Amino acid sequence: MAELPVDRPTRPDATTYSLTVLGCDGSWPGPGGAGSGYLVVSEGCRVLLDAGPGTFANLQRVIDPASLDAVIISHHHPDHWTDLHGVATHARFALAREVLPVYAPATLADRTDLSASPGLDWHLVTGGDTVTIGALTCSFHRTDHVDETLAVRIDGGGRSLGYSADTGPAWSLAEFGRGLDLVLAEATYTVDHEGTAGHMSGRQAGEQARRAGAERLVITHRWPTIDADAVAREATTAFGRPVEQAAIGKEFVL
């Protein structure tokens, strides 16, 4: 199986905790891009975190989807879930296994029109919930975004990842608690756009991660029309040290 041509660090052992970007465009995919989607792997457990347009195709270039243990969907906006249709069809016809668990906020199953899919096993989660998926412990927090949007902290193998999902600045990354090895935070646009949509700028993402005491910050969900370097400069200044940018196929080892 061909892998994405990416910057892939050497894994020190089989228990490494890693995050691979399958898509990172905000609100709509740009040319050759994909919506929000990430593969989280720790101690043999594999979770698809969001499934925006284009992400399922990219997932198949990294792993066999049959090896997924679960899917987590953060919220109702289509740029975070439309490839669930491909996931569901694959799970139904191609998997020699039982149904694939999907953890998502209320009413998402109905909105996707996949509530009765025989390939998916829906599990309702809300802010304050904690679930265990294999070697991973996932705790959910409601963010500053429309409807119910859930950020998630994922702990495994002695490492911790915090994913902001979509959020405005009124929700704090500090709600994840301390000990975050890596924060994956949306930085949709620059300071010039603050207050125009329910998202964070590079500056706001950097400030949030610094206050949360994160070791590393990876910014994601940039609108394709916004200059990537401008967002990164804002985030770096506010965070106080260099940030990393999500890119399709890039793997981050925690």
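Remarks
- Remark: pairs (first residue in the range 186-201, closer than 10 Å to residue 168 by Cα; second residue loosely packed, with under 15 Cβ neighbours inside 10 Å and aliphatic (A, V, I, L, M); Cβ separation under 7 Å; 6+ apart in sequence or on different chains) = 198/146; 201/191.
- Cβ-Cβ under 9 Å pairs, at least 6 apart or on other chains, the range 154-168 side among the basic types (Lys, Arg), far side in a strand (DSSP E or B): 159/42; 159/182
- Test set (1) farther than 26 Å from residue 137 by Cβ; (2) of a type outside the set (Phe, Trp, Tyr); (3) modelled with pLDDT under 95 - residue 29 fails condition number: (3)
- Lone unmet requirement of (1) farther than 24 Å from residue 198 by Cα; (2) at pLDDT below 95; (3) among the β-branched types (Val, Ile, Thr) for residue 102: (2)
- Pick from the range 161-191, criterion within 18 Å of residue 27 (Cα to Cα) and among the charged types (D, E, K, R), ranking: surrounded by the most Cβ atoms within 10 Å (Cβ to Cβ): 186
- In the range 238-253, the residues that are surrounded by 18 or more Cβ atoms within 10 Å (Cβ to Cβ) and either hydroxyl-bearing (Ser, Thr, Tyr) or over 21 Å from the mean Cα position of the chain (by Cα) (or both): 238
- Residue match in the range 190-203 (condition: modelled with pLDDT of 95 or more, touching a strand residue (DSSP E or B) at 6+ places or on another chain (Cβ under 6 Å), at negative phi and part of a helix (DSSP H, G or I)): yes
- Residue in the range 226-237 that is surrounded by 24 or more Cβ atoms within 10 Å (Cβ to Cβ) and under 10 Å from residue 173 (Cβ atoms) present: no
- Subset of the range 93-146 (residues that are loosely packed, with under 13 Cβ neighbours inside 10 Å, acidic (Asp, Glu) and either in contact (Cβ under 8 Å) with a residue 40 or more places away in the chain or not in a helix (DSSP H, G or I) (or both)): 98, 113
- The selection criterion, being crowded, with 24+ Cβ neighbours inside 10 Å, assigned to a loop (DSSP other than H, G, I, E, B) and touching a residue at least 40 places away in the same chain (Cβ under 8 Å), does not hold for residue 30.
- The residues listed here are 170, 165; of these, the one that is within 18 Å of residue 145 (Cα to Cα) and out of contact with any His (no Cβ under 9 Å at 6 or more places or on another chain) is 170.
The values are calculated or read from the model by the stated rules, or taken from the named source; none is laboratory data. Please read these numbers as outputs of a predicted model, since none were measured by experiment. Note: ideal-geometry Cβ built from the backbone for every residue, glycine included; neighbour counts use all protein chains shown.
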